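In what follows, a structure is listed as structure tokens, so that the remarks can point back to it.
The values are calculated or read from the model by the stated rules, or taken from the named source; none is laboratory data. Everything quoted here is computed from the prediction, not taken from an experiment. All Cβ positions, glycine included, derive from the backbone under ideal geometry; neighbour counts span all protein chains shown. The area values use the complete protein model at the heavy-atom level, side chains included, leaving out ligands, DNA and RNA. Shrake-Rupley method; radii C 1.70, N 1.55, O 1.52, S 1.80 Å.
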Amino acid sequence: MSLLTSLARLRALDEGIAQPIATVRHCHLADRPMVFIPLKLSGEAAAPLAAMLGADRDRPRLLVVAQPRNRDLRFAWAAELAGVLLPYVEGFLRDTETVERRNADPYERAIDAPQILVPNRAGVAFVRLLGRSMRFRRADGPYPVPESVPLLGRWLTYFAERAAYPGSSLMPAMTEELGRHWASGQSGLEDANLAALLAWITTGPSDDAEDPLIWPPAGPATDPGFDAEVLAPAMESGSAERVTEALRTQLEPSWRLMWQAIDLLAGLEEGAGVASRWEQDRGSFSGMAAHVAEGAPPQPRRDGAVAAAARLARMERAQAAYDAQRAYDDPLVMAEHRLTGEAFAGEVVDTDPGNTEGEGRSRKLRPLVVIKTDDPVRLSPGTSLGTPQRRAQGAELVSAGEGLVTVKITKGMGRGRTAAPGAVPEIGERVCYTSLTDDFQGSPALPDAEATPWTHGGPPREYVPDDEDAQEEWS
Amino acid sequence: MSDRLDDLERRIDELRAGVRTAMRARDGARARVLRAELRGAERAWDALVSGERPVKEEPPRLVTVREQVHQGLRLLGAAAQPRLIVAVSAAFFGGTISSSRLTSLRRDEERSFRSSPFGRPYYLCAALTDRLSPARGLLTLSAWPLERRVVGPLSPRVDFLTCAIAVAEQETGDERADRLLVRMARNIPGAADGTLGPPHRGRVIEAARAELRVHADRDTRDRAELAQRAVAQLDDAARLFGAATLGTIKKEYAT
Amino acid sequence: MNPQHRLDVLRGVTPPRPHDARAIAALAANPGCARRALMDGAGVDKDAAARHLGFPAPFGQSPFAITRGNVFEALVKADGCAELLRMLRELLGLPVAEVAYHDVENVGAHLRHAHTRTLIDRAARDEHDAGTLYDHPLLSLEIAGHTAYLEPDVVAFQLGGRFHIVEIKSFAVIDGQADPSAVAAAARQAAVYVLALRTLLEELGHDPLKVSHDVVLVCPENFANRPVASLVDVRRQLAVLRRQLTRMSALDRLLEGLPDDLTFDLRPDDDGRPTRPVAELADALRRTTARYAPDCLSTCDMCFFCRDEARQEGASDLLGRQVRDELGGVASVAEALGLADGTRDPAAGQEEIARLLRNAERLRKECLT
């Protein structure tokens, strides 16, 4: 958390209403998102209890396991869930575009991708466990399950893993997404309560939001009081209707909150970088679909050493790119970097558009711009700079001091002897420069999986799920 | 009808909220009253929605719980916990008991014995601890010699191995029997061969016997000593159902 | 007036609430909180106090979770602890001959503690006569002058001549990973048992280090009920716990400056219902200093009361440690906002944070208008 966000939280607390910490929306919002609110049986690792889900806010589907300890009923529930989620996911594979790649074969990318929204981070974790508990199952053999279950398991695993990828919008956790755009006047811990966070954003804090009788928790854990007073007797009665109706009371309020949150996010204008990140999501999704179609095995229980290192490196790059893109897209995010001195903004007070460096053939156009700023600049001369106002442009810091910063433009001002029109900011224009860049930094040199050093376990054996995976009890 | 259902649902919601509020205020009495009302309303709702009161039919029981436990223990041949007896009964005799029904069994047997001693051909009785008190959660048969019904420090392990051998000796194709054997074999060194299928029965027996040999001498000694003490100190009823805890301890401390 | 008497006055007429391991472990969660130290030291029923104040604690345990925990523990201990023996043999190389099992609960409840002492003493004295597994032992620990009785799941001996605490928990280990917060809580709780057992050995004149700082944590593996064991080193938790217990035995310092007749008594009537005016109790509590942090919401019965107090005081603690750290010692919301919009002059030492806050305020204004 930055000081800027901390200040916003203080302000929120003082004014009794959440404060914006973003001026645009940084996540993609699908035209037809799938809202998915799963509940689990308390005390069990991944025993599903119920889920409310659907892409139509007026027609949620409620799936319930009336006896969560009954293995057959759990898998029947999983099959029902697959019956809703798989057609939704696979529906996006019909329309594709061909993407040309340098040094690689062109591939087919889905024009749109599924988006499954869960209430909170614990919801993502539960989806991951559900995926883990389903993907190794088999439709044949000693403990057969419906054929759709292992496939759903692979998809749920994929979505949960993708949720950890910075900037991905395939499976957003709603409280996290809201928290990226608004600062409430409570702690991050309390922000994990969807009802409480939404209250801060819309009407101001309310004690009702923490009363499970008024706002049941948005899962996956249920309210212990509800378990004791309502759910346990309903299960004992053996009446599936009663269990179903009881769980409906716990899910419906969260269902309404989820759509309210979607509306709130939809009210923000989309940030410029969102589309390109969604494009990556579409590519990743298409890759996964191709993987499944080729009959590849389910995701392994654990990554090998090289796969894990590569994954970590990918995530770090994605995080850096996501941070930079959001700053370029959103002055309020850029302000955090201005506060720490990695960026500055101000008014152009002087320019030298015709400035050159070198002599003869190596003579280069290097227009100079002098900016007056109130920001505390902590960049040393020679630092490469970029600017949100002219994204293709590159610049370099020449000098800074006394509230005046001189930069020279090094890239993106045209090839002529004079700068292209509009390439050099005019006197009086407001500009912002930063050392943050969204350059693709190339992947680190990691060996191929086959060349994994022995210190890291040697080359991984190709993962072939065995009978143990398929037969694992699910008690 | 749906009007009435609506009314009932509203009432049920109110009552649930009321119960939970009362619980939170630790007002047990009020929670109880409300909960009773809630149960009534829920039953009415169930009846209305399904058209009639659901009737749970119990499958006909030909063999009594008592007899099923007897069968299970005879097969095992050693003191055992209800869980294991239930599993054996289900695997080999198509038993239908659940462990919760075994909790009051021992008390019933004791009552019956005290009102007419040795009136029945057998009694389901207690295992005796080193204080000659009834061991928690263990059942034995009255027909067994006292040495088999007392538990010294090594006896739980010895009994487990004895039971494992007994289970492995049964010829059956039942899946539940296989699962039971897998569970037991996994806890005996050398009994499981690492594959997932049912373990080789001979191998389980061999492995269990091998471990038994390690414990046998000391356990036999401990048991003989306990059995002697039981004969010397206990009357018939106490030999079968154990001495009251406090009494034995007083005696022990007095000597 | 001696400190113990002062604590009795604080608690009032109700008998002290016994501490269990979970409660003692929670003491270490927020060591800086004087209110909690005093209430726990006096054995005040915090849950009842919070309820009476109108701020009942937000946690509870689901009956499903409780049942699940009991079922799993029974499974691990079934058939003479057959599963536990397998794990100890595999994990710690327990010799096959070591299977002696003692159920301490075979004696009446009131004798369990004495019986545990006898058995542990015998084991420590003569390893050859020692049992391997002690089920349902009952240990004790002095907490600020009161004896707390503690029930570890199992104590195992004959693992390299040392006692090991076995802690059975029903949260799952999936593909070798478990919920870190659950593991941490289990480690804190197990540390309490280690300390209690070490104290017992010391009292009996044995080497307390005969109790290992590695505890055996048993959990279900993956989605099956099959138990799996791992060793958890609780040295750090032990150190924190010791420090906190020392603090609690030095409560006299916290009592200094408090009026002699200060009490948190609920004045229960014959039915046990509290009759003390709520405002009066709240005032009494406010005489002591709390250190509220959002983490309290999952560990302390008093959390909602203290949060409400922090709100009224406009304390920046409400927003969490991160924000508090970011503000570098500016404790109140009004003060921080005053520094930010320049209506307040920085005190000595606040110049840097004031400059940052003013800058932050300027940037937010610029971007949002």
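Each residue in the range C:314-360 was checked for being facing another protein chain (nearest Cβ under 8 Å), more than 18 Å from A:Glu15 (Cβ to Cβ) and modelled with pLDDT under 90, and 3 of them qualify.
Might you let me know whether the range A:235-249 holds any residue that is in contact with a Pro (Cβ under 6 Å, 6 or more places away or on another chain), within 14 Å of chain C (Cβ to nearest Cβ) and part of a helix (DSSP H, G or I)? Checked against the condition, which is being in contact with a Pro (Cβ under 6 Å, 6 or more places away or on another chain), within 14 Å of chain C (Cβ to nearest Cβ) and part of a helix (DSSP H, G or I), the range A:235-249 yields no hits at all.
Applying the set (1) on the phi > 0 side of the Ramachandran plot; (2) more than 8 Å from chain C (Cβ to nearest Cβ); (3) buried (at least 19 other Cβ atoms within 10 Å of the Cβ) to A:Gly16 leaves exactly one unmet item: (3). Exactly one residue out of A:Ala308, A:Ala345 is in contact (Cβ under 8 Å) with a residue 40 or more places away in the chain and either within 14 Å of another protein chain (Cβ to nearest Cβ) or open to solvent by 50 Å² or more (accessible area, probe 1.4 Å) (or both): that is A:Ala345. Inside the range B:10-27, residues that are crowded, with 17+ Cβ neighbours inside 10 Å and more than 22 Å from C:Asp47 (Cβ to Cβ) make up a count of 4.
All conditions but one from (1) in contact with a Lys or Arg (Cβ under 9 Å, 6 or more places away or on another chain); (2) not in a helix (DSSP H, G or I) apply to A:Leu265; the one that does not is (2). Highlighted here are the strands (runs of 3 or more DSSP E) found entirely within the range A:27-118 that include at least 1 residues which are over 22 Å from A:Ala246 (Cα atoms): A:34-40, A:96-101, A:104-110.
Evaluate the range C:295-307: report whether one residue or more is in contact with a strand residue (DSSP E or B) (Cβ under 6 Å, 6 or more places away or on another chain), open to solvent by 10 Å² or more (accessible area, probe 1.4 Å) and either in a loop (DSSP other than H, G, I, E, B) or not acidic (Asp, Glu) (or both). No. Which members of the range B:28-49 meet the condition of being open to solvent by less than 30 Å² (accessible area, probe 1.4 Å), of a type in the set (A, V, I, L, M) and more than 15 Å from B:Gly18 (Cα to Cα)? Correct list: B:Ala47 only.
Could you go through the range C:268-290 and let me know if any residue there is at negative phi, modelled with pLDDT of 90 or more and within 14 Å of chain A (Cβ to nearest Cβ). No, the range C:268-290 has no match at all. All of C:Leu159, C:Leu231, C:Leu197, C:Leu204 fail the test of being open to solvent by 30 Å² or more (accessible area, probe 1.4 Å) and within 17 Å of C:Ala124 (Cβ to Cβ), apart from C:Leu204. Among the residues of the range A:8-17, are any in contact with a strand residue (DSSP E or B) (Cβ under 8 Å, 6 or more places away or on another chain), in the same structural domain as A:Gly83 (by TED's automatic domain parsing) and more than 23 Å from A:Glu177 (Cβ to Cβ)? No, because not a single residue in the range A:8-17 is in contact with a strand residue (DSSP E or B) (Cβ under 8 Å, 6 or more places away or on another chain), in the same structural domain as A:Gly83 (by TED's automatic domain parsing) and more than 23 Å from A:Glu177 (Cβ to Cβ).
Taking the criterion of being under 24 Å from A:Leu264 (Cα atoms) and not small (Gly, Ala, Ser), the residues of the range A:40-64 that qualify are A:Met52, A:Leu53, A:Asp56, A:Arg57, A:Asp58, A:Arg59, A:Pro60, A:Arg61.
Looking at the range A:391-408, is at least one residue over 25 Å from A:Asp438 (Cα atoms) and open to solvent by 60 Å² or more (accessible area, probe 1.4 Å)? Yes, because at least one residue in the range A:391-408 is over 25 Å from A:Asp438 (Cα atoms) and open to solvent by 60 Å² or more (accessible area, probe 1.4 Å).
Within the range A:255-267, none of the residues are charged (D, E, K, R) and in contact (Cβ under 8 Å) with a residue 40 or more places away in the chain. Counting only strands (runs of 3 or more DSSP E) that sit completely within the range C:117-232, those holding 3 or more residues that are within 14 Å of another protein chain (Cβ to nearest Cβ) and either of a type outside the set (A, V, I, L, M) or within 25 Å of C:Leu27 (Cα to Cα) (or both) correspond to C:154-159, C:214-220. One residue alone among C:Arg267, C:Arg291, C:Arg311, C:Arg307 is of a type in the set (Lys, Arg) and over 30 Å from C:Ala184 (Cβ atoms), and that residue is C:Arg267. The residues listed here are A:Pro33, A:Pro68, A:Pro38, A:Pro87; of these, the one that is modelled with pLDDT of 95 or more and under 30 Å from C:Asn70 (Cα atoms) is A:Pro38. Considering (1) touching a residue at least 12 places away in the same chain (Cβ under 8 Å); (2) buried (at least 21 other Cβ atoms within 10 Å of the Cβ), the lone condition that A:Arg242 does not fulfil carries the number (1). Meeting the requirement of 2 or more residues that are assigned by TED's automatic domain parsing to the domain that holds B:Glu211, open to solvent by 10 Å² or more (accessible area, probe 1.4 Å) and aliphatic (A, V, I, L, M), the helices (runs of 4 or more DSSP H) wholly within the range B:80-173 are B:82-93, B:155-168. Looking only at the range A:50-86, residues that are under 23 Å from the mean Cα position of the chain (by Cα), open to solvent by 50 Å² or more (accessible area, probe 1.4 Å) and free of Cβ contacts under 8 Å to residues at least 60 places away in the same chain come to 1 in all.
Can you tell me which residue within the range C:68-87, out of those that are within 13 Å of chain B (Cβ to nearest Cβ) and among the small types (Gly, Ala, Ser), is nearest to B:Pro82 (Cα to Cα)? Checked the range C:68-87; the qualifying residue nearest to B:Pro82 (Cα to Cα) is C:Ala78. Residues of the range A:191-221 that are within 20 Å of the chain's Cα centre (by Cα), within 12 Å of chain C (Cβ to nearest Cβ) and not in a loop (DSSP other than H, G, I, E, B): A:Asp191 alone. C:Gly342 meets all of the listed conditions (1) open to solvent by less than 50 Å² (accessible area, probe 1.4 Å); (2) under 26 Å from A:Ala345 (Cβ atoms); (3) touching a Gly at 6+ places or on another chain (Cβ under 7 Å) but one, namely (3). Of all residues in the range A:384-403, those that are part of a loop (DSSP other than H, G, I, E, B), in contact with an Asp or Glu (Cβ under 7 Å, 6 or more places away or on another chain) and away from chain C (no Cβ under 14 Å) total 0. Does C:Ala65 fit the bill of being away from chain B (no Cβ under 11 Å) and under 30 Å from C:Ala279 (Cα atoms)? Considered against the rule, which asks whether it is away from chain B (no Cβ under 11 Å) and under 30 Å from C:Ala279 (Cα atoms), C:Ala65 comes out as no.
Within the range A:191-239, restricting attention to residues that are among the small types (Gly, Ala, Ser) and open to solvent by 50 Å² or more (accessible area, probe 1.4 Å), the residue that is nearest to A:Ala45 (Cα to Cα) is A:Ala221. Scan the range C:88-114 residue by residue and report those that are more than 9 Å from chain B (Cβ to nearest Cβ), crowded, with 16+ Cβ neighbours inside 10 Å and either free of Cβ contacts under 8 Å to residues at least 60 places away in the same chain or in a helix (DSSP H, G or I) (or both). Listed by number, the residues that qualify are C:Leu88, C:Leu92, C:Val104, C:Arg112, C:His113.
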